[in-house]
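A.B. asks: What follows is a single structure, and I will ask about it in a moment.
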Protein chains: 2
Amino acid sequence: MKNHRYFLLTKGRICGIINVVLSIKIIYVGKFKEQFYTEAASEYIKRLGGYCKIEVAEIPEHRLPDKPSEAQIALALEKESAAIKAKIPSGAVTVALCIEGSEMDSRELSVFIMEKTGQGVSKLCFVLGGSFGLHDDVKSSADFKLSMSKMTFPHNLARVMLLEQLYRAFKIAEGGKYHK
Amino acid sequence: MKNHRYFLLTKGRICGIINVVLSIKIIYVGKFKEQFYTEAASEYIKRLGGYCKIEVAEIPEHRLPDKPSEAQIALALEKESAAIKAKIPSGAVTVALCIEGSEMDSRELSVFIMEKTGQGVSKLCFVLGGSFGLHDDVKSSADFKLSMSKMTFPHNLARVMLLEQLYRAFKIAEGGKYHK
């Protein structure tokens, strides 16, 4: 890890720097299918390693028939929910990614992460669902619900988008020209 | 092209099918740097080829110093703007991608495209800027300004996101399980 300085923020302005290591865990449901998304995710995971302890955990997606019923989907999400909860680190501030969550711009996400760190939070956990999203139980027990877009993206692309935004959050806090 | 049927829509509901070929041109500023984004874009371009005549045009990004002044950025965007305008097909309905544009969900984008087709539009042109976005002139002369997210994504990733949304738009109109 090249850098594990963190920025103490007051109302979004840097007011100090502390040396702590923030752990970020990303829990996602379903496998990466396309090689290009796997490579994109690996690239951002590598870059994030310079700023935090990053860990990803893959939960297998529950198999469903071609035209699943509402009840079959609900049961699958419930099973995935139990697997997700077992992977959430104790004491972590949890962010569930879902379309009905609040939208933040990149700067607001950066401030959110840096403010949590400034408040002494050392573990953040982001949870991304599979094709049918997340069970209500995961969403309601999360500390924050985040939406990256009104649009629906395939979950593999959504993972790359999240990883890029996390990397961008650190680059914004650090300053420099990545975020213009 | 496997399929070039289009769906006539009234208030978002399919009321007929016509056989026309919609041309979609994507004009973007700057090169693809990462191989995985190039491959992701190629995959969606290939898939879109089954639904429309798809063309992409790359405009070179104007070189700027490391810490460009506002005036240098403005001049670069102006030069890019002239190059973009020269590539917009005559008679095309133009959509400029920019953060201050209107957000649509995937279904609304699908309805937007299918309604335009139903109204006899045969050419759509989407314009994506480079690192510093688009010149005001491009944005104000576009027929529509679209924002995919409040978040800022690298322009290469934004291109992949747009291509995926265009592909999704056709899959939504066609029905089936791609968009759940």
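A.B. asks: Quick one: how many residues across the stretch B:69-101 are under 26 Å from B:Val121 (Cβ atoms), over 14 Å from the mean Cα position of the chain (by Cα) and either away from every other protein chain (no Cβ under 14 Å) or surrounded by 12 or more Cβ atoms within 10 Å (Cβ to Cβ) (or both)? Before you say what the answer is, go through the steps one by one.
C.D. replies: Of the residues in the stretch B:69-101, the ones under 26 Å from B:Val121 (Cβ atoms) are B:80-101.
Right, trim to over 14 Å from the mean Cα position of the chain (by Cα) and you get B:80-83, B:85-86, B:90-91, B:100.
Subsequent filtering for residues that are either away from every other protein chain (no Cβ under 14 Å) or surrounded by 12 or more Cβ atoms within 10 Å (Cβ to Cβ) (or both) retains B:80-83, B:85-86, B:90-91.
So the answer is 8.
A.B. asks: OK, next. Suppose we filter A:Asp66, A:Asp143 for residues that are modelled with pLDDT under 95, open to solvent by 20 Å² or more (accessible area, probe 1.4 Å) and out of contact with any Asp or Glu (no Cβ under 6 Å at 6 or more places or on another chain); which single one remains? Steps first, please.
C.D. replies: Details: A:Asp143 fails: modelled with pLDDT under 95.
Going through A:Asp66, A:Asp143 in turn, just one is modelled with pLDDT under 95, open to solvent by 20 Å² or more (accessible area, probe 1.4 Å) and out of contact with any Asp or Glu (no Cβ under 6 Å at 6 or more places or on another chain): A:Asp66.
A.B. asks: Picking from A:Tyr6, A:Tyr28, which residue would you name as being within 20 Å of the chain's Cα centre (by Cα) and either at pLDDT 90 or above or within 30 Å of A:Leu134 (Cα to Cα) (or both)? Please lay out each step first, then the result.
C.D. replies: Details: A:Tyr6 fails: either at pLDDT 90 or above or within 30 Å of A:Leu134 (Cα to Cα) (or both).
That would be A:Tyr28, the only listed residue that is within 20 Å of the chain's Cα centre (by Cα) and either at pLDDT 90 or above or within 30 Å of A:Leu134 (Cα to Cα) (or both).
A.B. asks: I need the full set of residues from the stretch A:40-63 which are open to solvent by 50 Å² or more (accessible area, probe 1.4 Å) and part of a strand (DSSP E or B), in order please.
C.D. replies: Correct list: A:Lys53, A:Glu55, A:Val56, A:Glu58.
A.B. asks: When you scan the stretch A:108-118, how many residues do you find that are within 19 Å of A:Lys150 (Cβ to Cβ) and open to solvent by 10 Å² or more (accessible area, probe 1.4 Å)?
C.D. replies: Taking the stretch A:108-118 and keeping what is within 19 Å of A:Lys150 (Cβ to Cβ), we get A:108-109.
Among the residues that remain, those that are also open to solvent by 10 Å² or more (accessible area, probe 1.4 Å) are: A:108.
Residues that pass the stated criteria total 1.
A.B. asks: Of these, B:Met161, B:Met151, which one is part of a loop (DSSP other than H, G, I, E, B), free of Cβ contacts under 8 Å to residues at least 24 places away in the same chain and either under 29 Å from A:Arg168 (Cα atoms) or under 14 Å from the mean Cα position of the chain (by Cα) (or both)?
C.D. replies: Details: B:Met161 fails: part of a loop (DSSP other than H, G, I, E, B).
Exactly one of B:Met161, B:Met151 is part of a loop (DSSP other than H, G, I, E, B), free of Cβ contacts under 8 Å to residues at least 24 places away in the same chain and either under 29 Å from A:Arg168 (Cα atoms) or under 14 Å from the mean Cα position of the chain (by Cα) (or both), namely B:Met151.
A.B. asks: Filter the stretch A:9-25 for residues that are at pLDDT below 90 and surrounded by fewer than 17 Cβ atoms within 10 Å (Cβ to Cβ) and give the result. Working first, answer last.
C.D. replies: Quick first cut of the stretch A:9-25, residues at pLDDT below 90 only: A:9-21.
Those that are at pLDDT below 90 and surrounded by fewer than 17 Cβ atoms within 10 Å (Cβ to Cβ): A:Thr10, A:Lys11, A:Gly12, A:Arg13, A:Ile14, A:Cys15, A:Gly16, A:Ile17, A:Ile18, A:Asn19, A:Val20, A:Val21.
A.B. asks: A further question follows. May I ask you to list the residues in the stretch A:124-140 that are crowded, with 18+ Cβ neighbours inside 10 Å and outside any loop (DSSP other than H, G, I, E, B)?
C.D. replies: Initially, the stretch A:124-140 is screened for residues crowded, with 18+ Cβ neighbours inside 10 Å, giving A:124-130, A:132-135, A:138-139.
Passing the criteria: A:Leu124, A:Cys125, A:Phe126, A:Val127, A:Leu128, A:Gly130, A:Gly133, A:Val138, A:Lys139.
A.B. asks: Only one of (1) among the charged types (D, E, K, R); (2) more than 9 Å from chain A (Cβ to nearest Cβ); (3) more than 20 Å from B:Ile27 (Cα to Cα) fails for B:Lys116. Which number is that?
C.D. replies: Every listed condition holds for B:Lys116 apart from (3).
A.B. asks: Within the stretch A:30-39, work out how many residues are within 14 Å of chain B (Cβ to nearest Cβ), assigned to a loop (DSSP other than H, G, I, E, B) and open to solvent by 70 Å² or more (accessible area, probe 1.4 Å).
C.D. replies: Just the residues of the stretch A:30-39 that are within 14 Å of chain B (Cβ to nearest Cβ), to begin with: A:30, A:32-39.
Now drop any that are not assigned to a loop (DSSP other than H, G, I, E, B), which leaves A:30, A:32-34.
Still in the running and open to solvent by 70 Å² or more (accessible area, probe 1.4 Å): A:33.
Residues in the stretch A:30-39 being within 14 Å of chain B (Cβ to nearest Cβ), assigned to a loop (DSSP other than H, G, I, E, B) and open to solvent by 70 Å² or more (accessible area, probe 1.4 Å): 1 in total.
A.B. asks: Can you tell me which of (1) within 12 Å of chain B (Cβ to nearest Cβ); (2) at pLDDT 95 or above is the one A:Lys123 doesn't meet?
C.D. replies: The one condition A:Lys123 does not meet is (1).
A.B. asks: Only one residue in A:Glu43, A:Glu61, A:Glu80, A:Glu55 is of a type in the set (Asp, Glu) and under 30 Å from B:Glu100 (Cβ atoms), so which one is that? Walk me through how you get there before you give the answer.
C.D. replies: Numbers: A:Glu61 fails: under 30 Å from B:Glu100 (Cβ atoms); A:Glu80 fails: under 30 Å from B:Glu100 (Cβ atoms); A:Glu55 fails: under 30 Å from B:Glu100 (Cβ atoms).
On inspection, the qualifying residue turns out to be A:Glu43.
A.B. asks: Can I ask one more? Which of the residues belonging to the stretch B:70-84 are touching a helix residue (DSSP H, G or I) at 6+ places or on another chain (Cβ under 7 Å) and either of a type outside the set (Gly, Ala, Ser) or not in a helix (DSSP H, G or I) (or both)?
C.D. replies: Taking the stretch B:70-84 first, the residues touching a helix residue (DSSP H, G or I) at 6+ places or on another chain (Cβ under 7 Å) are B:81, B:84.
Result: B:Ile84, single match.
The values are calculated or read from the model by the stated rules, or taken from the named source; none is laboratory data. Note that the coordinates shown come from a computational prediction; the quantities given were computed from them, not determined experimentally. Neighbour counts are summed over all protein chains in view; Cβ atoms, including those assigned to glycine, are modelled from backbone coordinates with ideal geometry. The protein model used for the area step is the full one, side chains on, heavy atoms only, and it has no ligands, DNA or RNA in it. Shrake-Rupley method; radii C 1.70, N 1.55, O 1.52, S 1.80 Å.
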